[in-house]
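The values are calculated or read from the model by the stated rules, or taken from the named source; none is laboratory data. Computed from a predicted model, the values in this text were never measured in an experiment. Methodologically, a virtual Cβ is constructed for each residue, glycine included, from the backbone with ideal geometry; neighbour enumeration extends over all protein chains shown. When the accessible area is computed, the model is the full protein with side chains, heavy atoms only, and any ligands, DNA or RNA have been set aside. Shrake-Rupley method; radii C 1.70, N 1.55, O 1.52, S 1.80 Å.
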Amino acid sequence: MAAQTSKSFVDNLAKIYGVYAGGFIGFVIILAILEQMGVSNRVIGYCFVFLTIGVYAYIGIISRTVEISEYYVAGRVVPPFFNGMATGADWMSAASFISMAGGLYLAGYGGLGYVLGWTGGYVLVGVLLAPYLRKFGQFTVPDFLGVRYEGNTARLCGVVVLFCASFTYIVSQCFGIGIITSRFLDIPFEIAVFVGLIGILVCSMLGGMRAVTWTQVAQYIILIIAYLLPVVWLSTKLYGNPIPELAYGQVLDHIADFEKKLGIAKPHVAPFVDAKGQFSWTEFHNFWALVLCLMVGTASLPHILMRYFTTPNVRDARQSVGWSIFFIFLLYFTAPAYAAFAKLEVYTNVIGQQISALPAWVQNWSQVGGLLTIKDANNDGIVQLAEFVINQDIIVLSMPEIAGLPYVISGLVAAGGLAAALSTADGLLLAIANALSHDVYYKMIDPKASTVRRLVVARVLLVGVAIIAAAVAGTRPAGIIQMVAWAFSLAAAGLFVPLVLGVWWKRTTSAGAIAGMVCGFGVCLYYLIGTRYFDMPLWFGIRNISSALFGLPVSFIVTVVVSLMTREPSKEMQAFIDSVRVPRGELAWLKGAQHD
C-alpha cells in the first residue's frame, strides 16, 4: 500500500508542484494587495517567514518514514527533473542566494570566481563521480570509501572529513537564517538563529532524505521566483527590458559613469586589479586558485553527491546532473546582473544623499548585527562613498528596499533566502547525521542494530548537530561566503582524490587512499587555521579560502606514491571497480561486502 501511494505521488509530481507554484504566486499577490491596503511591513514579514516555513514543516511531517531506504535515499524513486530541482535548492545555499551577488557587488570582476568555480564543478560531478557512485548502490559517501578501500579506517577518515566540511558549511547557513529571521521578525540575531533552527529540523528530522527531497523542490520554486523577480522588475523599470542579463551592459556603463564622478580607483569591471586599480599577479593567482578549489570542492561535497543516490537508476543519475546545472544556471546567470543593479541603486539612491533624509530601511538593517553602518566622518551630513559600509551578506536582502520597491518584494526575497539556507542546511544535516548513524554507529559500533534504533540514533544526532551549529553561528565566526569556501576546500583536500582515483585508478590501495586523505586534509586544515587564527603568513599570497590549493596536490602525490609502494588491490576488487565504471546496467556488488 505504501509503495502504491509513493508511486502515485511520484507520477503526479508535475501537477502537485504546479498547483503549489500557482498557490505561492497567488499568496504573494494577496500580500501585495494587503500592503496597498495599509497592512504593516512587520505583518507582511511575519507572513512570509512563518507561512513558508509552515509549508516546509507540513511536507516534512507528511513525508515521515520508518523505512531505511526512504530515510537515507528517498526510496530511490526521485525522477531526474525533480532531483535536479532538489539538488539546485540543496546547492544554492545562503552563500549563493544571499552572499554571491554581494561578493560581486564588493569585488566586481573578482567575484566571478565564485560563479565559475561553483558552476564548473558540476561538470566534474557529472563526468567523474555521480553515475559511478550511483552504480555502487549504497547510502553514503563514506560507504563507498569503506567498501572500495576494504575497511573501516578509510570509512572513518571519510566521516571525519565529511563532518568538518559539512559542519563548517552548515554554520554559514545558520548564520544566513539568523540574518533573515532577525531582520524580518525584529528579534536579536542570537535568538533568531535558534528560531530558524526549528525550520531546519521540521523539514529533515522525521522523514530524512524523503522529506528533504520533496521540501527542497518546494524551496527551489520559492527561491528562484524570489531571486529573479526584483532584478526583472528593476530591469523593466529602468530600461524597459524584462531580461536583466540583456540590460547588464547598460547597467555597467552607468556604474562606470558613477565611478568616474566618485573617483573610484578600482572599477567594477576591471579584472585582477588591486585597490589602486593596478594589475596584480596576486589577484590573478587568487582568482584561479579559488575557481579550482570551488570546482574540485563541488565534486567532493557529500551532501551533493548523496542527491544522486536517490534516482531510480544510473542513467537517471547522469540526467539529474544535467537538470541540476540548468536549475543552478537560472540563478547564477542572473547574479552578476543582480550585483550590478544593486550597486547602481546604491550610487543613485544613497551616495550623496542627506543622512537625515535616508529612509527607514537604513536604520532597520543597521540593527542587524552591525551589517550596515553609515558614519558621517567629515560632519557634512551627506553620505560619502567611504562612509557607507554594507556587508556582502545583506546586499541581496536589502536591494529591494534600497531600490524603493514595494515591501512585499523584500518579504519575498527574505522568503527566498530562507528557502535557500534551509534547503542546504537540511541536506548538510542529513549528510552528517547519516554518516554518524550509518557509517559509524551501524557499520562500526553495532552492526546488528534494528531499523528503529538506527533511525532513532540518526534523528538524535541530527538534532544535536543542528543545535551545536546554531550556537556556533551565533558567535558570528566569519562571513557566509568565506565559511562556505572553507568547507569546499576541506572537502576537496580530503575527499576528491580518494573518490576519483577510487573509481578511475584500480591500482589505488587502501594504504594510499588513507595516507592521501590524512595528509591532504591535514595540510589544508593547518593552512586554514594558521592563517585565520594564528597570524601565519600566506603561502605565495594565496588566501585561506583556497586552502585546498596546497592540500589537494599533497593528497594526490601521497596517494599515488603510497599506492605504488604497497600491494595492489585484489582481483575481486579490481573487477568490482570495472563494473562500477560501466555507467549502465545493474548495481555493482562486491562479494563479501556488507549491503543493506
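Mind listing which trypsin sites (Lys or Arg not before Pro) in region 194-264 are in a DSSP loop and have 14 or fewer other Cβ atoms within 10 Å?
Qualifying residues, ordered by number: none.
Counting only the heavy atoms of the protein chains, how much of His254 is accessible to a 1.4 Å probe, in Å² to the nearest 10?
Rounded to the nearest 10, the figure is 80 Å².
Might you tell me the accessible area per residue for the chain, computed with a 1.4 Å probe and given in Å²?
That works out to 37 Å² for each residue.
Classify region 443-515 as rounded, prolate or oblate, taking a ≥ b ≥ c as the square roots of the eigenvalues of its Cα gyration tensor: rounded when a/c is under 1.5, otherwise prolate if a/b is larger than b/c and oblate if not.
The shape class here is oblate.
Arranged from highest to lowest average of other beta-carbon atoms within 10 Å per residue, in what order do the peptides 223-231, 105-113 appear?
Going by the mean number of other Cβ atoms within 10 Å, highest first, we get 223-231, 105-113.
Percent relative contact order of region 315-396, based on C-alpha pairs within less than 8 angstrom and at least six residues apart?
Reported as a whole number, the value is 28 percent.
Consider just the alpha-carbon atoms of region 482-523 and return their Rg together with their Dmax, both in angstrom.
Cα-based Rg and Dmax for region 482-523 come out at 11.2, 36 Å.
Compute the acute angle (0 to 90°) between the alpha-carbon long axis of helix 2-11 and the principal axis of greatest extent of the alpha-carbon atoms of the chain; round to the nearest 10°.
50
Pairs of Cα atoms under 8 Å, at least six residues apart: use those to get the relative contact order of region 146-211, whole percent.
Worked out over region 146-211, it gives 19 percent.
What number, rounded to the nearest 500 deg cm²/dmol, is the helix-based mean residue ellipticity at 222 nm of the chain, given -39500 (n - 2.57) per DSSP H run of at least four residues and division by all its residues?
It lands at -22500 deg cm²/dmol.
Would you work out if region 1-154 is rounded, prolate or oblate? Take a ≥ b ≥ c from the square roots of the eigenvalues of the alpha-carbon gyration tensor; rounded if a/c is under 1.5, else prolate when a/b is larger than b/c, oblate otherwise.
Because a/c hits 1.5 or more and a/b fails to exceed b/c, region 1-154 counts as oblate.
Please state the relative contact order of the chain as a whole percent: Cα pairs under 8 Å, 6+ residues apart?
Contact order relative to length: 27 percent.
Go through region 511-521 residue by residue and turn each phi into a ³J(HN,Hα) via Karplus (6.51, -1.76, 1.60, θ = phi - 60°); whole Hz please, and just put x for glycine and proline.
So the J values, rounded to whole Hz, are 4, x, 5, 5, 4, x, 4, 5, 6, x, 5.
Please identify every one of the trypsin sites (Lys or Arg not before Pro) in region 337-443 that sits in a loop by DSSP and has no more than 15 other beta carbons within 10 Å of its own beta carbon.
Lys375
³J(HN,Hα) across region 53-59 via Karplus (A = 6.51, B = -1.76, C = 1.60, θ = phi - 60°), whole Hz, x for Gly/Pro?
4, x, 5, 4, 4, 4, 4
Using only Cα atoms and rounding to the nearest 10 degrees, what angle (0 to 90) does helix 451-473 make with the longest principal axis of the chain?
30
Using the Cα centre as the reference, give the magnitude of the dipole from point charges on the C-beta atoms of the chain (Lys, Arg: +1; Asp, Glu: -1; all else neutral), rounded to the nearest 20 debye.
My answer is approximately 1500 debye.
Looking at Leu262, Thr153, Leu252, which one has the Cα that reaches farthest to the positive end of the dipole of region 127-284 (charges on Cβ: Lys, Arg +1; Asp, Glu -1)?
Result: Thr153, furthest along the dipole toward the positive end.
State the label only: which of (i) 78, 59, 52; (ii) 77, 58, 40; (iii) 80, 61, 43 corresponds to Cα extents along the principal axes in Å computed from the shown model?
Only one listed value fits the structure, namely (ii).
Using only Cα atoms, find the angle between the long axis of helix 189-204 and the longest principal axis of the chain, and express it within 0 to 90 degrees, rounded to the nearest 10.
It is inclined by approximately 40 degrees.
Once neighbouring chains are kept in place and the probe is 1.4 Å, which whole percent of the accessible area of the chain is contributed by carbon and sulfur?
For the chain, the apolar C and S fraction of the accessible surface comes to 66 percent.
Apply the Karplus parameterisation 6.51 cos²θ - 1.76 cosθ + 1.60, with θ equal to phi minus 60°, to every residue of region 143-156 and state each ³J(HN,Hα) to the nearest whole Hz, in sequence, with x for glycine and proline.
Those phi angles translate into 4, 4, 4, x, 7, 5, 9, 6, x, 7, 5, 5, 4, 5 Hz.
Based on the Cβ-Cβ distance of Ile382 and Ala256, what FRET efficiency does E = 1/(1 + (r/R0)^6) give at R0 = 25 Å, to the nearest 0.05?
My answer for the efficiency is 0.65.
Rounded if a/c is under 1.5, else prolate if a/b beats b/c, else oblate: with a ≥ b ≥ c from the C-alpha gyration tensor eigenvalues square-rooted, which is region 1-83?
prolate
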